[in-house]
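Here is the structure we will look at.
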Amino acid sequence: MKQLNFGKSGARIRNFGLVGVGLVAGVALSLQFPAVAQKAAGAPLPLDELRQLADVYGLIKSDYVEPVDDKKLLSEAITGMVSSLDPHSVYLDKRAYREMRESMQGRFVGLGIEVSMEDGYVKIVSPIEDSPAYRAGIKPGDLITRIDGAPIKGLTLDDAIKKMRGAPGSKVALTIARKGEDKPLAVALVREEIRVHSVKGKIVEPGYAWLRISQFQELTLDELARKVTALYAQEPHIKGLVLDLRNDPGGLLPGAIGVSAAFLPKEKIIVSTIGQLPGSNETFYGRREFYAGRSGADPLAKLPAAVKTVPMVVLVNTGSASASEIVAGALQDYKRAIIMGSQTFGKGSVQTLRQLTPDTAVKLTTARYYTPQGRSIQARGIMPDLLVDDSADGDSLNGVRVREADLVKHLGNEADKADKPVTMGALQASAKRDELEEERRVAASLKNRKPVEYGGSDDFQLAQAINHFKGLPVKLSKADVALEAPEAQDGRKRTAPQAPPELKAKALTK
């Protein structure tokens, strides 16, 4: 069975991850694409190159300074071959494949903490309620300095997360530095299975609701339906709904289609894909078979009718990628919602999971996806209708975080082929500032700033969304930004990248 990946990678100043919640970068979905690449099946094998590969393998086995395990050597060869293509194509060994499957199910074995990397240490963003970390009293803002006695300094965030994950029932010792405490705290935890809910929401004030999707998982639509129904039961006359997709790295495509369909008129085009294989060229509609399967019950069937017309703001930032960009792009194209925040990540490619053995697979980039109006946002992202910084003091983090266009060997945007390649410098006028100095400024500002609790009383962007609903002034970004994007709903004119004519015709006529 084949699966599509709509996740993202990368962060420059601060990387986000989940310990016991999984790495928030892998996403998958099943679709009825051909299981074998027919075009490649009949292609002649490059015998000279394969013979050279065999010769190198033989040399390593016979001449290397110490014995090398056959499986490790061949696994590394596959890893190098696939990873040389683009940032999102990857070989999944047994462990990586298992973790990816767990991530999509919203079920993990670990400690239950959302973390970021800051100043070389792992910083606690939030413990998950009723998790081992939560019960042990770990707090937001705590810094993990050692894991099982070994220093964290010098490790990447992914490496630190791997050290904290493990088998259920196994123990791990953390050394914690906490503001106000003179001595480090030693905390012993027992790993256990963590179940993560990807949707949460609340009435932030009478008449206004906040709905957050942290990742598109297998149960996201069911959770969305329950939460929206509960919000309308609590507040039957919602005057404005904020859909929060900030730092949502992507997820299952059916979830993105279903979330879009929940707020759009019936059977609208949500997204289209174009690739080398004929089976990769598809148009997906807001119909049950595209988000729930032909035989499954429709999780959106009993949603309150008001969700189709309630005024909406969608909050996005640089961490909003792939599946979350599909939702933002669809709602923007149909002028169903105001998109607010900062430019999104720009991952507009599709990854297909080709299983090699029961325990391993290759995740391969096979297509680009396009919004309903035929826009490819690959390496460009979604440009908000209202640019709003993440705090009243400015856009401290998003201005220097890595986007798709910054990744080595990233897939280009077809709209840019006739022109010079689009870079962050070409897209963002404010990028003329000295980058190193800006990163130092941001790093310094983050030291004394506690992590923003999305949906909390200090959530600046949420407050601006509520102001928009009320007709009050919205504090726009301080940066003088000139980015290419579709025509904004606030009246500003922009130029949108266009899909190939054949896709645009297909999207508008089917």
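Considering only residues that are without any contact (Cβ under 8 Å) to a residue 40 or more places away in the chain and among the aliphatic types (A, V, I, L, M), which ones fall in region 210-264?
L211, A230, L231, A233, A261
Residues of region 172-206 being under 19 Å from K123 (Cβ atoms) and of a type in the set (G, A, S), which ones?
Across region 172-206, the qualifying residues are A173, A177, G180, A186.
Could you list, in sequence order, the residues of region 134-170 that are in contact with a strand residue (DSSP E or B) (Cβ under 7 Å, 6 or more places away or on another chain), of a type in the set (K, R) and closer than 24 Å to A96 by Cβ?
Once the filter is applied, which keeps residues that are in contact with a strand residue (DSSP E or B) (Cβ under 7 Å, 6 or more places away or on another chain), of a type in the set (K, R) and closer than 24 Å to A96 by Cβ, region 134-170 yields K163, R165.
Of the residues in region 149-160, how many are in contact with a Lys or Arg (Cβ under 9 Å, 6 or more places away or on another chain) and within 15 Å of L185 (Cβ to Cβ)?
The total comes to 1.
Which ones in region 380-398 are acidic (D, E) and in contact with an Asp or Glu (Cβ under 7 Å, 6 or more places away or on another chain)?
Residues satisfying the conditions are D385, D389, D395.
Just to be sure I understand, how many residues within region 235-254 are part of a strand (DSSP E or B) and at pLDDT 90 or above? Explain how you work it out, then say what you get.
Step one: of region 235-254, the residues part of a strand (DSSP E or B) are 240-244, 251.
Keeping just the survivors that are at pLDDT 90 or above gives 240-244.
Total satisfying the criteria: 5.
Which one is farthest from S116 (Cα to Cα), of the residues in region 153-162 that are crowded, with 18+ Cβ neighbours inside 10 Å and of a type outside the set (V, I, T)? Even if it seems obvious, please write down each step before you answer.
Kept after step one, since they are crowded, with 18+ Cβ neighbours inside 10 Å, are these residues of region 153-162: 155, 157, 160-161.
Among the residues that remain, those that are also of a type outside the set (V, I, T) are: 155, 157, 160.
Values: L155: 13, L157: 7, A160: 10 Å.
Filtering first and then ranking leaves L155.
Restricting to region 33-73, what's the tally of residues that are assigned to a loop (DSSP other than H, G, I, E, B), modelled with pLDDT of 90 or more and closer than 19 Å to D359 by Cβ?
1
Please indicate, with yes or no, whether at least one residue in region 74-81 is over 30 Å from P278 (Cα atoms), surrounded by fewer than 10 Cβ atoms within 10 Å (Cβ to Cβ) and at pLDDT 90 or above.
no
Out of (1) in contact with a Ser or Thr (Cβ under 7 Å, 6 or more places away or on another chain); (2) at pLDDT 90 or above, what's the single condition that is false for I194?
(2)
Matching residues to (1) surrounded by 15 or more Cβ atoms within 10 Å (Cβ to Cβ); (2) outside the structural domain of G348 (by TED's automatic domain parsing); (3) farther than 23 Å from N317 by Cβ:
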site: D222; (1), (2), (3): yes, no, yes
site: I238; (1), (2), (3): yes, no, yes
site: L241; (1), (2), (3): yes, no, no
site: D244; (1), (2), (3): yes, no, no
site: L253; (1), (2), (3): yes, no, no
site: G286; (1), (2), (3): yes, no, yes
site: A297; (1), (2), (3): no, no, yes
site: A301; (1), (2), (3): no, no, yes
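List every residue pair whose Cβ atoms lie under 8 Å apart, where the two residues are 6 or more positions apart in sequence or sit on different chains, the first residue falls within region 70-88 and is within 24 Å of L407 (Cα to Cα), and the second residue, located anywhere, is surrounded by fewer than 14 Cβ atoms within 10 Å (Cβ to Cβ).
Qualifying pairs under 8 Å: A77/L53; S84/K409; L85/K409; D86/K409; P87/V408; P87/K409.
Quick check, is K94 farther than 20 Å from I194 by Cα and either without any contact (Cβ under 8 Å) to a residue 12 or more places away in the chain or among the charged types (D, E, K, R) (or both)? So that I can check it myself, show each step before the final result.
Working: farther than 20 Å from I194 by Cα: yes; either without any contact (Cβ under 8 Å) to a residue 12 or more places away in the chain or among the charged types (D, E, K, R) (or both): yes.
Spelling it out, K94 is indeed farther than 20 Å from I194 by Cα and either without any contact (Cβ under 8 Å) to a residue 12 or more places away in the chain or among the charged types (D, E, K, R) (or both).
The values are calculated or read from the model by the stated rules, or taken from the named source; none is laboratory data. Since we're looking at a predicted model, the values are computed, not measured. Here Cβ is always computed from backbone atoms with ideal geometry, including for glycine, and neighbour counts include all displayed protein chains.
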